[in-house]
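Every read-out reported here was derived from the displayed coordinates using simple, explicitly stated rules and does not represent laboratory data. Here the structure is a predicted model, which means the values were calculated and not measured. So basically every Cβ, Gly included, is an ideal-geometry build from the backbone, and we count neighbours across all protein chains shown.
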Amino acid sequence: MNEQQTALLESLLARTNDGKVDWQKTADDDTFQAVLGGHIIAIARRSPTPDFSFVLTIFNSNGDEIESISTVRVDLGLAEFDDAEKRMKNMLAELFELARRRAHGAEEAIDAILQELNS
């Protein structure tokens, strides 16, 4: 993962945590997407191995894939699992979970449940 990809993941995590990225559900239950800067960002969870793999893909306005950040090569044993790869996998996994929660409205649901429990 290069510096630009690292910066992208860090910014997506921070902005998603702040509620600034509008993640949406897709037809695939394990893929969520957001539109940023005229591009579609998709985060997906895949399971080609006993553990989940994660893929962040950027598409241009024509729907062409222009960038992909993935843990698949590491998960399949095709690349070394060093600290940088471990950090990338952790960041992609965290982003997937945040996107899933945002797309499904988990925060709002929990707030509504807590409000009813506390009334």
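Based only on other Cβ atoms within 10 Å, what is the fewest-to-most ordering of ILE43, ILE110?
Values: ILE43 27, ILE110 11.
So the ranking, lowest neighbour count to highest, is ILE110, ILE43.
Only Lys, Arg, Asp and Glu carry charge here, each on its Cβ (+1 for the first two, -1 for the last two); on that basis the stretch 3-117 has a dipole of about 100 debye about its Cα centre.
Against the 2.2 N^0.38 Å scaling, with N counting residues, where does the chain land? I'd like the Cα-based Rg ratio to two decimal places.
Values: Rg = 15.6 Å, N = 119, 2.2 N^0.38 = 13.5 Å.
That works out to 1.15 for the chain.
Panel order for VAL35, VAL21, VAL55, by other beta carbons found within 10 Å of each beta carbon, from fewest to most: VAL35, VAL55, VAL21. The order of MET88, MET1, going from fewest to most other C-beta atoms within 10 Å of their C-beta, is MET1, MET88. Helix 106-117 and the long axis of the chain differ in direction by around 30°, with both axes built from C-alpha atoms.
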